[in-house]
1. Between region 1-69 and region 86-156, how far is it from one alpha carbon centroid to the other, in angstrom?
2. Going by how many other beta carbons lie within 10 Å of each one, how would you line up 217, 18, 124, fewest first?
3. Kindly list the residues of region 123-163 that lie in the label zone of residue 198, defined by a backbone N under 13 Å from the point 7 Å along the Cα-to-C-beta vector.
4. Percent relative contact order of region 34-192, based on C-alpha pairs within less than 8 angstrom and at least six residues apart?
5. Kindly put 46, 28 in sequence by how many other C-beta atoms sit within 10 Å of each C-beta, fewest to most.
6. Given the chain, what count of lysine pairs have C-alpha atoms under 15 Å apart, with each pair 8 or more places apart or on different chains?
7. Take every Cα-Cα pair in region 54-147 and report what % of them are more than 17 Å apart.
8. Let me spell out the model: positive unit charges on the Cβ of Lys and Arg, negative unit charges on the Cβ of Asp and Glu, origin at the Cα centre of the chain. What dipole size does that give, in debye rounded to 20?
Amino acid sequence: LSPVLTIDGPSGAGKGTVSRIVARKLGWHYLDSGALYRAVGVAASWADIDTSDASALVRCTFDTKVQFAEQGESLRVLVNGTDATDELRLETTGALASAIAAIPEVRAALKERQRAFRVLPGLVADGRDMGTVIFPDAPFKVFLTASAEERAQRRHKQLKEKGVSVNFDDLLREIMARDARDAQRAVAPLRPAEDAVLIDTSGIGIDDVVAKVLGLVSV
Ligand code: C5P
């Protein structure tokens with residue numbers, strides 16, 4: 001079985017950036033599991049499916065084709081053949097993904113699809129339940145955290161760089177609401193695996209976090 005490094009944590013803790021760099025340094029594959037939930041959210045909105053219609057959302061999960069395509073430095077995500085990378089990153093898509101992710105049948109439908117990414121030489125799996133549910137036997141597990149304020153600041157800076165202006169307080173509120181929803185849901189609530197190494201990234205630069213994570217992986 002190929003090795004897996006799971007990197008879980010709340011949104012904005014730096015999982016995406018850290019996972020991508022670590023995967024590149026190790027020469028391993030990278031699974032952005034949040035993108036799968038976001039892709040279902042985008043497909044559901046394209047199909048005008050109401051977020052309260054659980055059975056339609058479950059059907060949509062089975063029907064949605066998601067492909068990851070590397071394009072230079074960036075990773076494009078195709079949803080049913082259409083490049084949806086930009087739409088996927090929207091705050092509204094994140095909220096939609098979080099609502100959809102609370103449906104047990106949706107999570108079950110995505111389970112095997114996520115496990116299929118575990119191929120040689122190894123996988124860095126980024127998400128919320130990578131170490132607890134999807135790859136419980138992973139030899140390397142990390143849980144990244146950061147204060148809500150710090151995560152909101154990072155997101156605010158990111159959006160500003162993209163030319164998107166958002167109110168900081170609204171962003172902080174949205175992040176805290178999403179955290180609460182992710183932590184309190186009945187299925188796969190956000191929590192560190194018992195054997196995960198906790199790393200608080202507040203006030204630490206990306207390079208230091210990457211070094212810490214790489215230090216945990218022995219191959
Ligand atoms: O990580 P990202 O912000 O892209 O994830 C979007 C949403 O998808 C999260 O708020 C969470 O509710 C859900 N998610 C999940 N399990 C994962 C990855 C994401 O429930 N493994």
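Only the coordinates and a few stated rules stand behind these numbers; no lab work does. Model, not experiment: these values are computed from the prediction. Glycine also receives a Cβ, built like all others from the backbone with ideal geometry; neighbour counts cover every protein chain displayed.
1. Taking the Cα centre of each part, region 1-69 and region 86-156 sit 6 Å apart.
2. Working: 217 17, 18 25, 124 30.
Arranged by neighbour count, lowest to highest, 217, 18, 124 become 217, 18, 124.
3. Backbone N within reach: 143-147.
4. Here the relative contact order equals 21 percent.
5. Numbers: 46 15, 28 23.
So the ranking, lowest neighbour count to highest, is 46, 28.
6. Values: 15/141; 15/212; 25/212; 65/111; 141/212.
So the count works out to 5.
7. 62
8. Details: 28 positive and 30 negative charges, 74 e Å.
Around 360 debye, computed over the chain.
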